[in-house]
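Okay, so here's the structure we're looking at.
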Amino acid sequence: MDEQTTERRHEGTGSETGAETGPEAAARTEAKAGAGNGAGTGAGGVYGATALVLIASGLLHLVVFAVDGGPWNGPVSWRKPVTFGLSFGVTLWAVVGVTSFLRMSPWVRTALLGVFAADCVVEVGGITLQAWRRVPSHLDMETPFDTAVSMTLAVGGGVLVALLTVFAVASFRHRPTGPAGMALAVRSGFAILLVALVSGAAMIARGVVLTRTGHQEAAYGSTAPLKPLHGISLHAVLVLPALAWLMSSRTSWSERVRWRITAAAVGCYAAAVVAAGMWAVLTY
């Protein structure tokens, strides 16, 4: 039995609701579920536009780096507004799209996405501001202003963890809608994303401890072992659902084949995360 058949049984049709039965009724049920989450589409468009602005900011600072030069690595470099702008923009865009498959109140989803989008702007804005001031954005407690920026970024990170955890829990409470393999892709993407959140929190926590105990330079270097794990696991929520969607819209493969390919992709992604985790343990 493939995932699509299971999903149709899970949704239920005629015997429970008195509606017509069969594949066509199941398809209509799924369409209605997706349409329900489409409420507030205008707001979703605003969030998508915000994601594009963040991506554009990252690309703009890549040009700034090419013109201004300077080191690519280190706590003070143009790398940070480039990578954070691109990463937050892509993540926001992915979360806006992926959460449309979640079975949750469309108004709750819209509100949570609003907070998430605002938080992404604050994070990228703070990092970009500090890059132009030529000071570190994270773990910098040299002046009251720098401390305020660092703590704002840390609190913003906590808000991101809370919001994405809510979406992850929602994906496991009720089976996500969508084509064959999408439920597996969404759930796996959010599960792996939680690894990124935990590793990011670990980097901040360790850096803050080192900073407050007078080891500022060590604090900047302490994040390096966890960066590959954080970066790889951060974008599973984009890659896996995108694969499921592309196969459903660009191929004529059967649902069973598409589900198996999605499952194989999840396995490969999980293996990459495990490898990055082992690297972090060995080099920490």
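The values are calculated or read from the model by the stated rules, or taken from the named source; none is laboratory data. Here the structure is a predicted model, which is why all the values come from computation and not from measurement. Here the Cβ positions follow ideal geometry from the backbone for every residue, glycine too, while neighbour counts run over all protein chains shown. These area figures cover heavy atoms from the full protein model, side chains too; ligands, DNA and RNA do not enter into them. Shrake-Rupley method; radii C 1.70, N 1.55, O 1.52, S 1.80 Å.
Within the stretch 61-70, can one find any residue that is open to solvent by 40 Å² or more (accessible area, probe 1.4 Å), touching a residue at least 60 places away in the same chain (Cβ under 8 Å) and hydrophobic (A, V, I, L, M, F, W, C)? If you could, list the steps in order and put the result at the bottom.
First, pick out the residues of the stretch 61-70 that are open to solvent by 40 Å² or more (accessible area, probe 1.4 Å): 62-63, 65-68, 70.
Those still in the list that are touching a residue at least 60 places away in the same chain (Cβ under 8 Å) too: none.
No: the stretch 61-70 contains no residue that is open to solvent by 40 Å² or more (accessible area, probe 1.4 Å), touching a residue at least 60 places away in the same chain (Cβ under 8 Å) and hydrophobic (A, V, I, L, M, F, W, C).
Could you count how many residues in the stretch 144-180 are under 21 Å from G97 (Cβ atoms) and assigned to a helix (DSSP H, G or I)? Don't jump to the end; show me each part of the working.
Just the residues of the stretch 144-180 that are under 21 Å from G97 (Cβ atoms), to begin with: 159-180.
Next cut, assigned to a helix (DSSP H, G or I) only: 159-173.
Selection size over the stretch 144-180: 15.
Annotation: G181 fulfils all but one of (1) more than 12 Å from the chain's Cα centre (by Cα); (2) over 19 Å from C268 (Cβ atoms); (3) open to solvent by less than 30 Å² (accessible area, probe 1.4 Å); the unmet one is (2). Determine if the stretch 150-169 includes at least one residue that is hydroxyl-bearing (S, T, Y), surrounded by fewer than 16 Cβ atoms within 10 Å (Cβ to Cβ) and in contact with a helix residue (DSSP H, G or I) (Cβ under 8 Å, 6 or more places away or on another chain). For the stretch 150-169, residues hydroxyl-bearing (S, T, Y), surrounded by fewer than 16 Cβ atoms within 10 Å (Cβ to Cβ) and in contact with a helix residue (DSSP H, G or I) (Cβ under 8 Å, 6 or more places away or on another chain): present. The set of residues from the stretch 128-166 being under 24 Å from the mean Cα position of the chain (by Cα), of a type in the set (S, T, Y) and farther than 18 Å from P81 by Cβ comprises just one member, T165.
In the stretch 64-95, how many are part of a loop (DSSP other than H, G, I, E, B) and farther than 19 Å from A219 by Cβ?
Of all residues in the stretch 64-95, those part of a loop (DSSP other than H, G, I, E, B) come to 69-78.
Restricting the remaining residues to those that are farther than 19 Å from A219 by Cβ gives 69-70, 72, 78.
Residues in the stretch 64-95 being part of a loop (DSSP other than H, G, I, E, B) and farther than 19 Å from A219 by Cβ: 4 in total.
Scanning the stretch 198-247 for residues that are open to solvent by 20 Å² or more (accessible area, probe 1.4 Å), in a helix (DSSP H, G or I) and closer than 22 Å to G48 by Cα yields G231, L234, L238, V239, A242, L243, W245, L246.
Can you say whether V95 is surrounded by 22 or more Cβ atoms within 10 Å (Cβ to Cβ) and either within 20 Å of the chain's Cα centre (by Cα) or within 22 Å of R187 (Cβ to Cβ) (or both), as far as the supplied structure shows? Before you say what the answer is, go through the steps one by one.
Numbers: surrounded by 22 or more Cβ atoms within 10 Å (Cβ to Cβ): yes; either within 20 Å of the chain's Cα centre (by Cα) or within 22 Å of R187 (Cβ to Cβ) (or both): yes.
Yes; evaluated as a whole, the condition is true for this residue.
Condition first: open to solvent by less than 20 Å² (accessible area, probe 1.4 Å) and under 17 Å from G200 (Cα atoms). Now tell me which residues in the stretch 137-148 satisfy that.
The initial filter retains those residues of the stretch 137-148 that are open to solvent by less than 20 Å² (accessible area, probe 1.4 Å), namely 137, 139-140, 146.
Once the filter is applied, which keeps residues that are open to solvent by less than 20 Å² (accessible area, probe 1.4 Å) and under 17 Å from G200 (Cα atoms), the stretch 137-148 yields S137, L139, D140.
For (1) farther than 24 Å from L164 by Cα; (2) in contact (Cβ under 8 Å) with a residue 60 or more places away in the chain; (3) in contact with a helix residue (DSSP H, G or I) (Cβ under 7 Å, 6 or more places away or on another chain), each residue gets a yes or a no:
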site	(1), (2), (3)
S233	no, no, yes
M247	yes, yes, yes
R256	yes, yes, no
I261	yes, yes, yes
G267	no, no, no
